[in-house]
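Throughout, read-outs are computed from the coordinates displayed, never taken from laboratory work. Computed from a prediction, not measured in an experiment: that's the story for all the values here. For neighbour counting, all protein chains shown are included, and Cβ atoms are generated from backbone atoms with ideal geometry for every residue, glycine included.
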Amino acid sequence: MPAYARILSLAGLALTLVLVLTGAQPDGAASPAAARPGAARAPIAAESFTSARTYRAVAAPVRLRIPALRVDSRLDRLGRQKDGSVAVPRRPEVAGWYEPGPRPGQPGPAVILGHVDSRNGPGIFIDLATARPGTLIRIDRADGSAVTFRITRVSRVPKTRFPTDLVYAPTLDPTLRLVTCGGGFDRTVESYRDNVIAFADLV
């Protein structure tokens, strides 16, 4: 074999090894998966990527303080009722934290619920509808630490159009939602027609 032919043959062999090792296919050659109808497709990099990012764990909230509204309450832990709806605090003077959601200070919306009143008198969130932007909220946690939020806005919405996404949808930043009842009272169903929602950001 002439010398130049031997060189070309060796170069071709080297290229073939490179293609095999990298998984590439020579021009015009179909991949094994493409050659067999119905064969599983190898996952691409974007589909197999998982983030190693983690968030700092924080202790569970145990107390809610809003000095401007004269609120100082321990926090009960709330779950879901049998019908799937979010449970509410058993006592009107005590607020509750929705435990399946984020803890205050973690990325995402931490949600605290409270009654506006009861048959026996005002509830813990009787004045929530009057809160002004800038009102500070302090959450004490089980490990002795605390976190502070600032109310950015307060909205009143019909219960039939409750903005579930705005209240419970994930967020990248730590946020807080305070929820109570408001508006007119419907005596036929013994319930208020609206919800009052205070939106707060981490200070």
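Annotations for the structure displayed:
- Spin-label pair T164-R63: with each label point 7 Å from Cα along the Cα-Cβ axis, the two points sit 3.6 nm from one another.
- S145, S155 arranged by Cβ crowding within 10 Å, fewest neighbours leading: S145, S155
- Our compactness index for the range 157-203, the C-alpha radius of gyration over the empirical 2.2 N^0.38 Å, is 1.36.
- Rounded to the nearest Hz, the phi-derived 3J(HN,Hα) couplings of the range 101-114 under the Karplus curve 6.51 cos²θ - 1.76 cosθ + 1.60 (θ = phi - 60°) are x, x, 7, x, x, 8, x, x, x, 6, 10, 10, 10, x, where x marks glycine and proline.
- Near D194, the amide H atoms lying under 5 Å from its own belong to K159, G182, G184; only residues 5 or more places off or on other chains count, and H is placed 1.01 Å from N.
- Rg/Rg_globular for the range 61-202, with Rg_globular taken as 2.2 N^0.38 Å and Rg from C-alpha atoms: 0.97
- Summing charges over neighbours of A60, with a neighbour being any other residue whose Cβ is under 13 Å away from its Cβ, gives +1 when K and R count +1 and D and E count -1.
- Paramagnetic label zone (point 7 Å from Cα along Cα-to-C-beta, E99; backbone N under 15 Å) in the range 127-142: 142
- Estimated vicinal HN-Hα couplings, Hz - the range 144-160 in sequence order (Karplus 6.51, -1.76, 1.60; Gly, Pro = x): x, 7, 8, 9, 10, 10, 10, 5, 9, 6, 10, 10, 10, 10, x, 4, 6
- Backbone N within the range 56-78 under 13 Å of label point (7 Å from R90 Cα along the Cβ vector): 76-78
- Spin-label zone in the range 88-115 - amide nitrogen under 16 Å from a point set 7 Å from the Cα of D143 along the C-beta vector: 103-107
- When both bridge partners sit in the range 61-202, DSSP labels roughly 75% of those beta bridges antiparallel.
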